[in-house]
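Please read the structure below before turning to the comments.
The values are calculated or read from the model by the stated rules, or taken from the named source; none is laboratory data. Just so it is clear, the model here is predicted, and its values are computed rather than measured. Cβ placement follows ideal geometry from the backbone for every residue including glycine, while neighbour counts extend to all protein chains displayed. Surface accessibility is based on the protein's heavy atoms, side chains included, excluding ligands, DNA and RNA. Shrake-Rupley method; radii C 1.70, N 1.55, O 1.52, S 1.80 Å.
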Amino acid sequence: MKFDWNKKYTTIALYSVIVIASGIMLYLGLTKFTKLSELFNTFIAIIRPFIIGFSLAYLFNFMLAFYEDKIILNIAKKGISHRKMRTLSLLMTYFTVCILVYLFIEFILPEVAASLSSIITDFPRIVNKLYLYTDSLISSIEISGPAKEFVTAKIEEIGKQLMEFATNLMPYLANTLLMVLKSIWNLVLGIIISVYVLADKEGFYAMCKKFIRAVFSISAGDYILYVTDLSNDMFGKFIVGKIIDSTIIGAIAFIVLYIVKMPYLILITFIIGVTNIIPFFGPFIGAVPSIILVLFVSPIKALWLTIIIFIIQQLDGNVIGPKILGGSLGISSFWILFSLLLAGKFFGLIGMVLGVPLFAVIHTLAGETINDKLVKKGLPTSKEEYK
């Protein structure tokens, strides 16, 4: 029996199947959410080494490209095969990573741990000092009895919360360290996977490009590849630029704080350097706990720390940051703040770090789409024309 395939009814049938399948998936998603969540978590746990591996490969690729383009090619004067060049660049990249990890474990991590241990040990004395200071401050101010009792009760409540925080801090840090140790196998597998990815990164790129060309139309494939290149450019410039910028800021902070003999030197430098990776809010996130820590040791040094952080951040915002990052993102401060708040709300600190380049990509694509529509209508694309 021969079927007469009518294009109209075939399209209707196809859309019907898609709608029914979508409805079934939505129903299962709503009624079996817990099981689907468990399955999703299991799937993520299985592919976690690959996620780590591809993430590390993306980060290490900037270092590998630097060694290949700036060092090996200049030394070899292009008289070296691609295979040998890739092998040398891989060895140099992972040797550099090992050196950096060794320096962190040998010099920074013990100092940070010692500072945290010292803070926790001295915390009862610090809280007691806070009580004495606030009591003397309240006594020097003429306020009514009920108001004085209210302020005193609030200070005691804050003191109890601080003590609970200090008590739970070490177990929290111990649990965090335990989680890191548990995931060490995934990290090892991720490093191995990153080596294979970097060794044949052109092959992976060609395979993905081939798949896109085969599945999508020529125009859609071109657009997908353009978005991929744009995203890689935005994320690459931002991540590498922020890492270099934060390293410079951390080094400057260490030198200045060492000169003024600031307490908790390594810990405060580490906090300032790491939080500086977060745009806009990073300096405030790093400054507040650092100043509070020093305040209990020496109010004068806390004031000095406030002034030093303010000067360093002005230097970063007006000189170092623009020199390194330039105007690569192409979005205003308002949209940076918007993307930080939105991404931070949903994805926490990781969202605050990656939300800005992600929004920059969306902003760029939306701007290009709007400009294309304006050009088709014969209208100007400059914002100045619409003011």
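Brief remarks on what is shown
- Within the set Pro283, Pro357, the sole residue that is in contact (Cβ under 8 Å) with a residue 40 or more places away in the chain and open to solvent by less than 80 Å² (accessible area, probe 1.4 Å) turns out to be Pro357.
- Every listed requirement among (1) under 30 Å from Asn128 (Cα atoms); (2) in contact (Cβ under 8 Å) with a residue 60 or more places away in the chain; (3) open to solvent by less than 50 Å² (accessible area, probe 1.4 Å) is met by Phe270 save one, (3).
- Cβ-Cβ under 8 Å pairs, at least 6 apart or on other chains, segment 362-387 side under 17 Å from Ile224 (Cα atoms), far side open to solvent by less than 60 Å² (accessible area, probe 1.4 Å): His363/Gly330; His363/Ile331; Thr364/Leu230; Thr364/Met234; Thr364/Gly330; Leu365/Val227; Leu365/Leu230
- Only residues that are touching a residue at least 24 places away in the same chain (Cβ under 8 Å) and open to solvent by 10 Å² or more (accessible area, probe 1.4 Å) were counted in segment 288-311, giving 8.
- Condition broken by Phe334, with the remaining ones in (1) in a helix (DSSP H, G or I); (2) surrounded by 14 or more Cβ atoms within 10 Å (Cβ to Cβ); (3) under 22 Å from the mean Cα position of the chain (by Cα) satisfied: (2)
- Check on Gly355, in contact with a Ser or Thr (Cβ under 9 Å, 6 or more places away or on another chain) and assigned to a helix (DSSP H, G or I): yes
- Leu340 open to solvent by less than 30 Å² (accessible area, probe 1.4 Å), touching a residue at least 60 places away in the same chain (Cβ under 8 Å) and among the aliphatic types (A, V, I, L, M): yes
- Answer residue from segment 71-119, given it is of a type in the set (Gly, Ala, Ser) and surrounded by 11 or more Cβ atoms within 10 Å (Cβ to Cβ) and is farthest from the chain's Cα centre (by Cα) among those: Ala76
- Restricted to segment 31-104, the set of helices (runs of 4 or more DSSP H) holding at least 2 residues that are under 16 Å from Ala199 (Cα atoms), of a type in the set (Phe, Trp, Tyr) and at pLDDT 90 or above comprises 33-66, 82-103.
- Total residues in segment 1-25, condition at pLDDT below 75 and open to solvent by 100 Å² or more (accessible area, probe 1.4 Å): 11
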